[in-house]
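Peer 1: Shown below is the structure under consideration.
The values are calculated or read from the model by the stated rules, or taken from the named source; none is laboratory data. Since this is a predicted model, take the numbers as computed values, not measurements. Note that each Cβ is placed from the backbone with ideal geometry, even for glycine, and that neighbours are counted across all protein chains shown. Heads up: the accessible areas ignore ligands, DNA and RNA and are worked out on the full protein's heavy atoms, side chains in. Shrake-Rupley method; radii C 1.70, N 1.55, O 1.52, S 1.80 Å.
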Amino acid sequence: MRVVVLTGAGISAESGVPTFRDADGLWEGHRVEDVATPEAFERAPGVVHAFYDARREALDTVEPNPAHHALARLEQALGDDLFLVTQNIDDLHERGGSTRVHHMHGELRSALCLGCDAHVPWPAEQGGLGDLPPCPRCGSCALRPDVVWFGEVPYGMDEILGHLAEADLFVSVGTSGAVYPAAGFVQYARAHGARTLELNLEPSEGSHLFHDARHGPAGVLVPEWVDTLTRRS
Ligand code: APR
C-alpha cells in the first residue's frame, strides 16, 4: 500500500514547538509580512534573522514525541511505499528516526544561497544578527534562511503531486488546512483515487474533505494509526 503522510505544526506541538494559528501561536506575536516574506527580508533582514534564530535556538530545547517516532516506524515498515512530506521547518522527524523527509517549506537548519541556489547547512558560527559567513559553495555573501516564505513556491511540488497521484492512502496530521498548496493535497489525492484520513486535534478547515477523521492529540492518534496499519500489512 502506498501512503503519503502530510504533517504540520500540530505534530510538533506536544514537543513544545508552538503552532502558527492556535491561541499563543507564532503568528499571534508577529505579522507574517514582517518576518515571513521575501519583501520583509529585503527591507529588514535583521528582524527576519532574529525571528528564525529564535526558532532555531528553540530546537535545542525540544525532543521528538511519540507521533514522530511512530512515523519513523512506519517508514521502516513501508520503505519506499511511504512518502512523508512536512510543512514543518523543525528537524523533529529526522531526530525521531525518519530518514526520508520532504520539507516542502524548507528547514531551519539549512541556509539558501541567493548567489548560487545551493542549500547548505546553517553555519555553526554566526557573528551577530544576519552576520553570516560567505556561501561555502560560491563564496558570495548571500545566505538567507532556507525557508519558503509567503509568496514563494514550496519545494518539490512535482514530486509531491506525483506521490499523491499514486497514493492509496493520504493522511494529514496536525495541520489547520489554512495554507495552500498543502491544504489542497486532500482533494488532489482523492481525485486520484486515494482514501483520505485526517488526524488532528480538532476539525481542520478542510476536515469535511476527508473520508475519515479522528480528532485528538497527535502523540496518541498517530501511534494508534501506525500500529493498526503495520499490524494489517
Ligand atoms: N495534535 C494534533 N494536532 C494539533 C495539536 C496536537 N497536539 N496541537 C495543535 N494541533 C492542530 C491545531 O488544531 C491546528 O489545526 O495543528 C494545527 C496547526 O495549524 P497551524 O498552526 O495553522 O500550522 P500548519 O497547518 O502547519 O501551518 C501551515 O502555515 O504559516 C505557515 O509556513 C507555515 O508551515 C506553516 C503553514
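Peer 1: If Pro133 passes every condition in (1) buried (at least 17 other Cβ atoms within 10 Å of the Cβ); (2) more than 16 Å from the ligand (Cβ to nearest atom) but one, which one does it miss?
Peer 2: Going through (1) buried (at least 17 other Cβ atoms within 10 Å of the Cβ); (2) more than 16 Å from the ligand (Cβ to nearest atom) one by one, Pro133 breaks only (1).
Peer 1: Quick one: Gly97 ticks every box in (1) at pLDDT below 95; (2) on the phi > 0 side of the Ramachandran plot bar one, so which box is it?
Peer 2: Failing condition for Gly97: (1).
Peer 1: Being open to solvent by 40 Å² or more (accessible area, probe 1.4 Å) and at pLDDT 95 or above is the requirement here; does Glu63 meet it? Show your work before the answer.
Peer 2: Numbers: open to solvent by 40 Å² or more (accessible area, probe 1.4 Å): yes; at pLDDT 95 or above: yes.
When the stated conditions are applied, Glu63 passes them.
Peer 1: Does Val17 qualify as being crowded, with 19+ Cβ neighbours inside 10 Å, out of contact with any Phe, Trp or Tyr (no Cβ under 9 Å at 6 or more places or on another chain) and modelled with pLDDT under 95? Lay out the reasoning, then the answer.
Peer 2: Details: crowded, with 19+ Cβ neighbours inside 10 Å: yes; out of contact with any Phe, Trp or Tyr (no Cβ under 9 Å at 6 or more places or on another chain): yes; modelled with pLDDT under 95: yes.
Spelling it out, Val17 is indeed crowded, with 19+ Cβ neighbours inside 10 Å, out of contact with any Phe, Trp or Tyr (no Cβ under 9 Å at 6 or more places or on another chain) and modelled with pLDDT under 95.
Peer 1: Just checking: which of the helices (runs of 4 or more DSSP H) contained wholly in the range 3-99 hold 1 or more residues that are touching a residue at least 12 places away in the same chain (Cβ under 8 Å) and over 24 Å from Gly177 (Cα atoms)? It would help to see each step written out before you state the result.
Peer 2: On the way: elements: 10-13, 26-29, 32-35, 38-43, 45-59, 66-78, 92-95.
Qualifying helices (runs of 4 or more DSSP H): 38-43, 45-59, 66-78, 92-95.
Peer 1: I've got another one for you. Across the range 194-216, what is the total count of residues that are more than 20 Å from the chain's Cα centre (by Cα) and either in a helix (DSSP H, G or I) or in the same structural domain as Gly25 (by TED's automatic domain parsing) (or both)?
Peer 2: The number of residues fulfilling the criteria is 2.
Peer 1: Report whether or not His119 is free of Cβ contacts under 8 Å to residues at least 60 places away in the same chain, within 23 Å of Ala54 (Cβ to Cβ) and within 13 Å of the ligand (Cβ to nearest atom).
Peer 2: Working: free of Cβ contacts under 8 Å to residues at least 60 places away in the same chain: yes; within 23 Å of Ala54 (Cβ to Cβ): yes; within 13 Å of the ligand (Cβ to nearest atom): no.
No: the conditions fail for His119.
Peer 1: Val32 - would you say it is near the ligand (Cβ under 10 Å from one of its atoms), open to solvent by less than 40 Å² (accessible area, probe 1.4 Å) and within 18 Å of Pro145 (Cα to Cα)?
Peer 2: On the way: near the ligand (Cβ under 10 Å from one of its atoms): yes; open to solvent by less than 40 Å² (accessible area, probe 1.4 Å): yes; within 18 Å of Pro145 (Cα to Cα): yes.
Yes: the conditions hold for Val32.
Peer 1: Of the conditions (1) over 19 Å from the mean Cα position of the chain (by Cα); (2) within 16 Å of the ligand (Cβ to nearest atom); (3) of a type in the set (Gly, Ala, Ser), Ala191 satisfies every one except a single condition; which number is it?
Peer 2: Among (1) over 19 Å from the mean Cα position of the chain (by Cα); (2) within 16 Å of the ligand (Cβ to nearest atom); (3) of a type in the set (Gly, Ala, Ser), Ala191 violates only (2).
Peer 1: Follow-up. Find the residue count for the range 160-186, including only residues that are within 16 Å of the ligand (Cβ to nearest atom), part of a helix (DSSP H, G or I) and open to solvent by 30 Å² or more (accessible area, probe 1.4 Å). Reasoning before the result, please.
Peer 2: At the first step, the residues of the range 160-186 found to be within 16 Å of the ligand (Cβ to nearest atom) are 160, 170-186.
Cutting the leftovers down to part of a helix (DSSP H, G or I) gives us 160, 182-186.
Now narrow it down to the ones that are open to solvent by 30 Å² or more (accessible area, probe 1.4 Å): none.
Residues meeting the conditions: 0.
Peer 1: Counting only residues that are open to solvent by 90 Å² or more (accessible area, probe 1.4 Å) and touching a strand residue (DSSP E or B) at 6+ places or on another chain (Cβ under 9 Å), which one in the range 199-218 is farthest from the ligand (Cβ to nearest atom)? Can you show your working first?
Peer 2: Here is the first cut: in the range 199-218, the ones open to solvent by 90 Å² or more (accessible area, probe 1.4 Å) are 201-202, 205, 208, 214.
With touching a strand residue (DSSP E or B) at 6+ places or on another chain (Cβ under 9 Å) added as a condition, the list becomes 201-202, 214.
Values: Leu201: 3, Glu202: 5, Arg214: 10 Å.
Checking each candidate, the answer is Arg214.
Peer 1: Quick check on Val62: is it under 19 Å from the mean Cα position of the chain (by Cα) and within 14 Å of the ligand (Cβ to nearest atom)?
Peer 2: Details: under 19 Å from the mean Cα position of the chain (by Cα): yes; within 14 Å of the ligand (Cβ to nearest atom): yes.
Here the answer is yes, as Val62 does meet what is asked.
Peer 1: Shifting gears a bit: Output the number of the condition that Ile89 fails; it satisfies all remaining conditions of (1) modelled with pLDDT under 95; (2) within 24 Å of Leu6 (Cβ to Cβ); (3) open to solvent by 20 Å² or more (accessible area, probe 1.4 Å).
Peer 2: (1)
Peer 1: State the number of residues belonging to the range 105-129 that are in contact with a Gly (Cβ under 8 Å, 6 or more places away or on another chain) and crowded, with 18+ Cβ neighbours inside 10 Å.
Peer 2: Total meeting the criteria: 1.
Peer 1: Please list, ordered by first then second residue, the pairs with beta carbon atoms under 9 Å, 6 or more apart or interchain, first in the range 217-233 and more than 21 Å from Ser12 (Cβ to Cβ) and assigned to a helix (DSSP H, G or I), second open to solvent by 50 Å² or more (accessible area, probe 1.4 Å) and among the basic types (Lys, Arg).
Peer 2: Thr230/Arg73
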